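Novice: Let me give you the structure first, and then I'll get to my questions.
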Amino acid sequence: MVFPAFLFNYNFFEKRGCLKLTSLSDEVTTNEAGHLTIGGVDTLKLVSKYGSPLIAYDVSKIKSQISHFKQAFIDADVPYRVTYASKAFSAVAMYQLVAGEGLGCDVVSGGELVAALKGGMPAKRIEFHGNNKLPIELEMAVDAQIGCIVVDNFQEIAYLDKILKEKDTTISVVVRVAPGIEAETHKYISTGQENSKFGFDVHSGQAKKALKELLDNPRMNVLGVHCHIGSQIFAARGFVMAVDKMVSLLQQWHEEFGFSAKLLNLGGGFGARYVDSDAPSPAEDFVKQIIAEVKEKIAAANLEFPEIWIEPGRSLVAEAGSTLYTVGSRKDVEGVCHFVAVDGGMGDNIRPALYQAKYDAILANKPHALKEQIVTVVGKYCESGDILVKDALLPITHPGDILAVPSTGAYGYTMASNYNRNPRPAVVFCEDGQDKLIIRRETYDDLLSYDLGL
Ligand code: LLP
């Protein structure tokens, strides 16, 4: 059953003189029992089967986002690759899923690389990112003969050169540049500006020097250029500006070095919806505008048309994931605040503490009960900043209630920690009424297994 937007809309209730309502949920799916469902599975059953906190993905939402991105390229009939930025959610099952959907993936560590290979991602569809790739990680990438290494800095070129000589082999590379564009997002997740730690700066001539070094190296096959302007970006404007800068760079490089890029990688950063007020452009709108700009600028520069690559992470998985918690204690300070505490917190979702990220909450056991109280949903960690949802409009909660925090599918599990020695949660994929555990819950034995004592 889908409840219409107005039922959860702040203005609807406020105009009728009810309590202030701030719920994000313009639609929640429920079953006959009146429980929230995810991928057709009863969330209460999920918690009784796997415990809480539990991260549950609606797999059909991931697949639908993938197909929106792909379809926009197919409709425009241009060569492309959609590469999943797996830092958003790295799990063997996730690599299996995206590989099956024909995507490539981006990895940023040896750990992500082994997980991607374990998930059956074809090595040739893997690209390796990072501002300080370790020699051992570069060696792993060369041994696996992955699709390309996105070269970030001069030290990396030196390491790579040494490894390639030692192994008497070659590898394909892409030059990462910082195009000097400030994305309209949180400063911690903005990466394209001149003072970014990532990539070769264009303005100072670093990027050109790097290209020359790479072109002069017979063991490195330069496929093209890459930029990533930031994350959680809602409008295509920044990407269009990036296309302009990148194509003009390619034009200069073509004139100076006769370099013809086979691919133009514009990174990821497409926004997701966390709360009602978030309004990211749909995937296909981003892609359409990017393609239109590439077509125009490449034609004007009279360059060979490159394959267009994008690297969405968050936009593929954020909205598909929800975290299910069990409500425990509460603290009410009349006239001041109401705290509702759950059995997880900053250990499974650091984003509110780190980026002031906003989320909403839904009472999974009675999602359509009257929402009559604004509460602060807090976790169980020993930090006052352990806040999951600042102003959640909820029905009166009781211990044992199941609380769902939607849109936790990106940078939740992958940024999870064992702070306070809390085990990390389990993760489950749900689709067509079926559930599949894809990451088991950590145990206390797991947590002690690295600890050697005196
Ligand atoms: N490509 C590159 C080179 C990146 O650095 C990133 C993200 C992506 C693609 C994917 O960006 P996305 O489509 O997911 O926005 N932990 C932060 C986000 C950090 C993003 C880092 N780089 C957060 O929770 O918001």
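The values are calculated or read from the model by the stated rules, or taken from the named source; none is laboratory data. Model, not experiment: these values are computed from the prediction. We place every Cβ from the backbone using ideal geometry, glycine too, and count neighbours over all the protein chains shown. Just the protein is used for accessible areas: all its heavy atoms, side chains included, with ligands, DNA and RNA removed. Shrake-Rupley method; radii C 1.70, N 1.55, O 1.52, S 1.80 Å.
Novice: Here is a list of conditions, (1) in contact (Cβ under 8 Å) with a residue 12 or more places away in the chain; (2) in a loop (DSSP other than H, G, I, E, B); (3) within 21 Å of residue 332 (Cβ to Cβ), and residue 384 meets all of them except one; can you say which number that is?
Specialist: Result: residue 384 fails condition (1) only.
Novice: Can I ask one more? When the residues of segment 214-232 are filtered to those that are crowded, with 19+ Cβ neighbours inside 10 Å and assigned to a strand (DSSP E or B), which remaining residue is nearest to the chain's Cα centre (by Cα)?
Specialist: Per the stated criteria, the residue is 230.
Novice: Moving on to the next point. Going by the structure shown, is residue 85 in contact with a His (Cβ under 9 Å, 6 or more places away or on another chain), touching a residue at least 12 places away in the same chain (Cβ under 8 Å) and not charged (D, E, K, R)? Reasoning before the result, please.
Specialist: Working: in contact with a His (Cβ under 9 Å, 6 or more places away or on another chain): yes; touching a residue at least 12 places away in the same chain (Cβ under 8 Å): yes; not charged (D, E, K, R): yes.
So residue 85 passes the test.
Novice: Testing residue 358 on (1) basic (Lys, Arg); (2) more than 16 Å from the ligand (Cβ to nearest atom); (3) surrounded by fewer than 21 Cβ atoms within 10 Å (Cβ to Cβ), one condition comes back false. Which one is that?
Specialist: Unmet for residue 358, out of (1) basic (Lys, Arg); (2) more than 16 Å from the ligand (Cβ to nearest atom); (3) surrounded by fewer than 21 Cβ atoms within 10 Å (Cβ to Cβ): (2).
Novice: Turning to a different aspect of this structure: If residue 429 satisfies all but one of (1) touching a Lys or Arg at 6+ places or on another chain (Cβ under 8 Å); (2) hydrophobic (A, V, I, L, M, F, W, C); (3) in a loop (DSSP other than H, G, I, E, B), what's the number of the condition it fails?
Specialist: (3)
Novice: Return only the number of the condition from (1) open to solvent by less than 10 Å² (accessible area, probe 1.4 Å); (2) at pLDDT below 95 that residue 211 does not satisfy.
Specialist: Exception for residue 211: condition (2).
Novice: Also, I was wondering about something else. Given the conditions (1) at pLDDT below 95; (2) not in a helix (DSSP H, G or I), which single one is not true for residue 32?
Specialist: Just one mismatch for residue 32, condition (1).
Novice: Out of the helices (runs of 4 or more DSSP H) lying entirely within segment 58-155, which hold 1 or more residues that are within 16 Å of the ligand (Cβ to nearest atom), open to solvent by less than 50 Å² (accessible area, probe 1.4 Å) and over 30 Å from residue 201 (Cβ atoms)? First the steps, then the outcome.
Specialist: Working: elements: 59-76, 92-100, 110-118, 135-144.
Here the list reads 59-76, 92-100.
Novice: Right, here's the next one. Yes or no: segment 387-398 includes at least one residue that is within 15 Å of the ligand (Cβ to nearest atom), outside the structural domain of residue 280 (by TED's automatic domain parsing) and crowded, with 24+ Cβ neighbours inside 10 Å.
Specialist: Filtering segment 387-398 down to residues within 15 Å of the ligand (Cβ to nearest atom) leaves 388.
Among the residues that remain, those that are also outside the structural domain of residue 280 (by TED's automatic domain parsing) are: 388.
Still in the running and crowded, with 24+ Cβ neighbours inside 10 Å: 388.
Scanning segment 387-398 turns up at least one residue that is within 15 Å of the ligand (Cβ to nearest atom), outside the structural domain of residue 280 (by TED's automatic domain parsing) and crowded, with 24+ Cβ neighbours inside 10 Å.
Novice: Answer yes or no as to whether residue 350 is within 13 Å of the ligand (Cβ to nearest atom) and either without any contact (Cβ under 8 Å) to a residue 24 or more places away in the chain or crowded, with 23+ Cβ neighbours inside 10 Å (or both).
Specialist: On the way: within 13 Å of the ligand (Cβ to nearest atom): yes; either without any contact (Cβ under 8 Å) to a residue 24 or more places away in the chain or crowded, with 23+ Cβ neighbours inside 10 Å (or both): no.
Criteria not met by residue 350.
Novice: Further question: Going by the structure shown, is residue 408 within 15 Å of residue 54 (Cα to Cα), within 16 Å of the ligand (Cβ to nearest atom), buried (at least 23 other Cβ atoms within 10 Å of the Cβ) and polar (S, T, N, Q)? Walk me through how you get there before you give the answer.
Specialist: Working: within 15 Å of residue 54 (Cα to Cα): yes; within 16 Å of the ligand (Cβ to nearest atom): yes; buried (at least 23 other Cβ atoms within 10 Å of the Cβ): yes; polar (S, T, N, Q): yes.
So residue 408 fits the description; yes.
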